[in-house]
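J.: Okay, handing you the structure first.
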Amino acid sequence: AIRLTSEVNRGTTFEIFLPAAPMPPAARVERPETLRGNGERILFVDDEGTIARVGEIMLRRLGYAVDGERKVQQALERLQGDPYAFDLVITDQTMPGMTGIEFATRIHSLRADLPVIIMSGHCGAIAPERVKAAGVCELLSKPYTMEILAATVGRHLRHHPAGLQS
């Protein structure tokens, strides 16, 4: 049913009445528990401030130690200074000065075993052979949820803090 009430100089109100229906049992799906980190260090590189802050916050809430960089050249310099400071790198594909693929290639010239995840709003536009040649372990499509981020990161970490080599 719909009830309409209108008064001059006061406005109009629409009330919509819908029948109550219980949710069918099949619709009550339990979500799998989100994978959580154990203090692993992640370098998160994105030149867009808002996206970078949100990604960093999500990763911290998941239990990771996150260092953010807005400039890819500064991120590269950090890795050149200490290639074993991080357990994983997450980087945007489209950035001023260097693409994520180029950055991944440079990272792997410093440390071949460091997992690199590239984020992009256009993952389909990145040639798979370029991804493989750069040693990128996965492409992460933007936008993503915390659950997708957690699962993606969890697939590529060895679950031990930086500096503890196995």
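The values are calculated or read from the model by the stated rules, or taken from the named source; none is laboratory data. Everything quoted here is computed from the prediction, not taken from an experiment. Cβ: placed from backbone, ideal geometry, glycine included. Neighbour counts: every protein chain shown. SASA here: full protein model, heavy atoms, side chains in, ligands and nucleic acids out. Shrake-Rupley method; radii C 1.70, N 1.55, O 1.52, S 1.80 Å.
J.: Can you give me the solvent accessible area of residue 155 with a 1.4 Å probe, rounded to the nearest 10 Å²?
T.: Counting only protein heavy atoms, the figure is 140 Å².
J.: Helix 100-110: angle to the longest alpha-carbon principal axis of the chain, degrees 0 to 90, nearest 10?
T.: In the chain, helix 100-110 runs at an angle near 40 degrees to the longest axis.
J.: Only Cα pairs within less than 10 Å get springs; with that Gaussian network setup on the chain, which residue of 133, 150, 104 has the largest fluctuation?
T.: 133
J.: Could you grab the Rg to Rh ratio for the chain? Cα atoms only, Kirkwood for Rh. Could you put the intermediate results ahead of the total?
T.: Working: Rg = 22.4 Å, Rh = 18.3 Å.
That ratio is 1.23, to two decimals.
J.: Something else about it: Taking a probe of 1.4 angstrom, what is the accessible area of residue 103 in Å², to the nearest 10?
T.: Here the residue's solvent-accessible area equals roughly 0 Å².
J.: Would you grab the residues whose amide H sits under 5 Å from the one on residue 68? Only those 5+ places off in sequence or on another chain, please, with H modelled 1.01 Å from N.
T.: 44
J.: Please give the helix 146-156 orientation as an angle from the longest Cα principal axis of the chain, in degrees from 0 to 90, rounded to the nearest 10.
T.: 20
J.: Is it possible to state the helix-based mean residue ellipticity at 222 nm for the chain, with each DSSP H run of 4+ residues giving -39500 (n - 2.57), the sum divided by total residues, to the nearest 500 deg cm²/dmol? What is it? Each step should come with its number before you reach the end.
T.: On the way: 5 runs with 51 residues, N = 166.
Counting only the DSSP helices, I get -9000 deg cm²/dmol.
J.: Given 0.36 nm per residue, what is the gain on full extension from residue 144 to residue 13 after removing their alpha carbon distance, in nm?
T.: Computed gain between residue 144 and residue 13 is 43.3 nm.
J.: Carbon-plus-sulfur fraction of the accessible area of the chain, 1.4 Å probe, in percent? Mind dumping the intermediate values first?
T.: On the way: 5640 of 10090 Å².
Carbon and sulfur together cover 56 percent of it.
J.: Which one of 131, 119, 150 has its Cα pushed farthest toward the positive end of the charge dipole of region 90-152, where Lys and Arg give +1 and Asp and Glu give -1 at the Cβ?
T.: The one lying farthest along the dipole's positive direction is 131.
J.: Another question, then. Accessible area of residue 144, 1.4 Å probe, to the nearest 10 Å²?
T.: Accessible area of residue 144: about 40 Å².
J.: Helix 49-61 versus the longest principal axis of the chain: what is the Cα-based angle in degrees, 0 to 90, to the nearest 10?
T.: Rounded to the nearest ten degrees, it is 90.
J.: Full extension from residue 2 to residue 61: what is 0.36 nm times the residue separation minus their Cα-Cα distance, to one decimal in nm?
T.: Numbers: separation 59, 0.36 × 59 = 21.24 nm, distance 4.40 nm.
Additional length available on full extension: 16.8 nm.
J.: Let me ask another. Could you provide, to the nearest whole Å², the per residue accessible area of region 55-161 with probe 1.4 Å? Working shown, then result.
T.: On the way: 5000 Å² over 107 residues.
With the other protein chains kept in place, region 55-161 gives 47 Å² per residue.
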